Amino acid sequence: MVRVTLTALAMLAAPLAPVAAQQSEALREVRTLVNEANRQVLEMQIAIEEIEANLSRWEAGMRRASATGSIRPVLSTSASDDLSDLAEQIADHPSVAIADGTCRDDLRAMGRQDLLDSSLARLPALSECAARIAPRVRIDLPYECASLFWQVSATGDLNLTGHVQDPGDLAELQTRFGPALTENVVARPFPVCSALEALELPLTSDKKPAIRMLSGKSRIPYNDSLAFEVVTPDFYAFVYLAYLQADGTVVNLLPRRSFIRKQHPPRTVLRFGDGQEGRQTYTATAPAGTEAIIGIASRSPIDALEDLEQGASGQYPARDASGRILDQSVFLDLLNSSLDDEFEQGSGRREISAEVLHLTVIPG
């Protein structure tokens, strides 16, 4: 496979000297935001406990009625409305980072279905989803290609999570806030950082494709195998695989072979580059640099990616529809905007998931 040398990331920004007053003020502001998020979550958890008690009383009444041959008791309309409203409230709550797909499906269904038929079976899902709510507050700092969030851990501690592009930015964060608060922040060079930004919502799904190198390595010396495996998620999925090479190009590894893209059954194993069963052999070659494999799974075809494929090979064109050279930056911009459209229309929130595998090709 053709590759390219990326310009080495330089740590140009010298770490800032910690300013105690500024740090204290910043942490106070963040703690205020997170405390408010926690307060809202607590209110919902209290409401859940009240409805659980209501349903427990209802269940006990059902058992007594069944034992005496009485007519099945009916849950009050207000309790039914409360549970449906609460399910919607949790699913849409601004403090939820991104609830996983199963949680959202359960909560939405709870809001729609007949409570008498489904409440007892689905109540544990409501409680579990509420317990998994994790307040997350985005923090905007003047770093290129960075996504950073303040988050509260299970023990109640405040942590900074996410990624930055430049190791120098990471060093500055560690100096400013200390190693304990920033231990979950990582440096991800381009194009990986841009891929993570473009796929921020799909990456949070609990039903996403799994990607692994067959060698188990993330740093690949020249002439070593680049064979990898993809396992599709637990739903029938249209799968898209793009390889971002170190030469700045984008290779479509899974173009459609007919008018309609093939849909893969749940947990399908796809292998690439191992030279087995008629597959090509992928090996690392010069020049060295950062590369990434992007895997996207969707319950329905993604129009923007479908339209991008051209010719019998199904590869991406040299230029996009507006005439821009289709390098990695343009491809990721297009991917970002197309997925934003999907999520704004409501079609992407449950339907699209993704994974990004970061590789580094090094001289042998």
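The values are calculated or read from the model by the stated rules, or taken from the named source; none is laboratory data. What you see is a predicted model; the values in this text were computed from it and never measured. Backbone-built Cβ (ideal geometry, glycine too); neighbour counts: all protein chains shown. These area figures cover heavy atoms from the full protein model, side chains too; ligands, DNA and RNA do not enter into them. Shrake-Rupley method; radii C 1.70, N 1.55, O 1.52, S 1.80 Å.
Might you check whether a residue that is under 15 Å from the mean Cα position of the chain (by Cα) and of a type in the set (S, T, N, Q) occurs anywhere in segment 165-175? It would help to see each step written out before you state the result.
Of segment 165-175, the ones under 15 Å from the mean Cα position of the chain (by Cα) are none.
Looking for residues that are under 15 Å from the mean Cα position of the chain (by Cα) and of a type in the set (S, T, N, Q), one finds none in segment 165-175, hence no.
Before we move on, is Tyr243 among the aromatic types (Phe, Trp, Tyr) and more than 16 Å from Ala297 (Cβ to Cβ)?
Yes, satisfied.
Name the residues in segment 185-195 that are part of a helix (DSSP H, G or I) and open to solvent by less than 10 Å² (accessible area, probe 1.4 Å), would you? Show your work before the answer.
At the first step, the residues of segment 185-195 found to be part of a helix (DSSP H, G or I) are 192-195.
Answer for segment 185-195, where residues must be part of a helix (DSSP H, G or I) and open to solvent by less than 10 Å² (accessible area, probe 1.4 Å): Val192, Cys193, Ala195.
Suppose we filter segment 196-225 for residues that are under 26 Å from Ile352 (Cα atoms) and open to solvent by less than 30 Å² (accessible area, probe 1.4 Å); how many remain?
Number of matching residues: 7.
Every residue, every condition in (1) modelled with pLDDT under 95; (2) part of a loop (DSSP other than H, G, I, E, B); (3) on the phi < 0 side of the Ramachandran plot; (4) touching a helix residue (DSSP H, G or I) at 6+ places or on another chain (Cβ under 9 Å), yes or no:
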site	(1), (2), (3), (4)
Pro179	yes, yes, yes, no
Thr182	yes, yes, yes, yes
Leu203	yes, no, yes, yes
Asp206	yes, yes, yes, yes
Arg212	no, no, yes, no
Glu229	no, no, yes, no
Phe235	yes, yes, yes, yes
Leu241	no, no, yes, no
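Within segment 155-178, is even one residue surrounded by fewer than 16 Cβ atoms within 10 Å (Cβ to Cβ), basic (Lys, Arg) and out of contact with any Phe, Trp or Tyr (no Cβ under 6 Å at 6 or more places or on another chain)?
No, segment 155-178 contains no residue that is surrounded by fewer than 16 Cβ atoms within 10 Å (Cβ to Cβ), basic (Lys, Arg) and out of contact with any Phe, Trp or Tyr (no Cβ under 6 Å at 6 or more places or on another chain).
Suppose we keep only residues that are out of contact with any Pro (no Cβ under 7 Å at 6 or more places or on another chain), among the aliphatic types (A, V, I, L, M) and buried (at least 18 other Cβ atoms within 10 Å of the Cβ) within segment 271-306. Which one would you say is nearest to Phe343 (Cα to Cα)?
Only one residue tops the list, namely Ile302.
Identify, by number, the condition in (1) surrounded by 18 or more Cβ atoms within 10 Å (Cβ to Cβ); (2) in contact with a Pro (Cβ under 6 Å, 6 or more places away or on another chain); (3) of a type in the set (S, T, N, Q) that Thr249 doesn't meet.
So Thr249 meets the others, but not (2).
Can you tell me which residues in segment 271-285 are without any contact (Cβ under 8 Å) to a residue 60 or more places away in the chain and either assigned to a loop (DSSP other than H, G, I, E, B) or β-branched (Val, Ile, Thr) (or both)? Walk me through it before giving the result.
Step one: filter segment 271-285 for residues without any contact (Cβ under 8 Å) to a residue 60 or more places away in the chain, giving 271-273, 275-281.
Within segment 271-285, Gly273, Gly275, Gln276, Glu277, Gly278, Arg279, Gln280, Thr281 meet the criteria.
In this structure, does Leu339 turn out to be open to solvent by less than 40 Å² (accessible area, probe 1.4 Å), touching a helix residue (DSSP H, G or I) at 6+ places or on another chain (Cβ under 9 Å) and at pLDDT below 90?
Spelling it out, Leu339 is indeed open to solvent by less than 40 Å² (accessible area, probe 1.4 Å), touching a helix residue (DSSP H, G or I) at 6+ places or on another chain (Cβ under 9 Å) and at pLDDT below 90.
Quick one: Ile220 ticks every box in (1) in a strand (DSSP E or B); (2) in contact (Cβ under 8 Å) with a residue 60 or more places away in the chain; (3) in contact with a Phe, Trp or Tyr (Cβ under 9 Å, 6 or more places away or on another chain) except a single one, so which number is it?
Of the numbered conditions (1) in a strand (DSSP E or B); (2) in contact (Cβ under 8 Å) with a residue 60 or more places away in the chain; (3) in contact with a Phe, Trp or Tyr (Cβ under 9 Å, 6 or more places away or on another chain), the odd one out for Ile220 is (3).
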